[in-house]
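For reference, the structure discussed in these notes is given below.
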Amino acid sequence: MHTYCVVLRPQHSLNSLYPHTKRYYLRAKSAAQAMLNASEDPEWLVFGVEPARMSALQPQGDRSAFTENSIVA
């Protein structure tokens, strides 16, 4: 099992340049499984996935609003 950070954005985003996003940290066997587990809410689309250790710091200049939530799959 590995920990992944899955980034989600709203299905119907009004601001396409800087959409509101959420980060979910999940433990899964693969990145694909983490994406499937995180995409269960039809209101949110998977925007990206990366190993959790890569997303410890928010990139400078990133204007997206992030909400961090932790779930275990």
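Of all the residues in region 23-46, those that are aliphatic (A, V, I, L, M) and within 18 Å of residue 11 (Cα to Cα) number 5. Within region 5-55, if we keep just the residues that are assigned to a strand (DSSP E or B) and among the small types (Gly, Ala, Ser), the residue that is surrounded by the fewest Cβ atoms within 10 Å (Cβ to Cβ) turns out to be 48. Selection within region 1-35: residues that are among the basic types (Lys, Arg) and closer than 12 Å to residue 45 by Cα. The member of this set that is nearest to the chain's Cα centre (by Cα) is 23.
Every read-out reported here was derived from the displayed coordinates using simple, explicitly stated rules and does not represent laboratory data. None of the values given here were measured: they were computed from a predicted structure. Cβ sites come from the backbone with ideal geometry, for glycine too, and all protein chains shown count toward neighbours.
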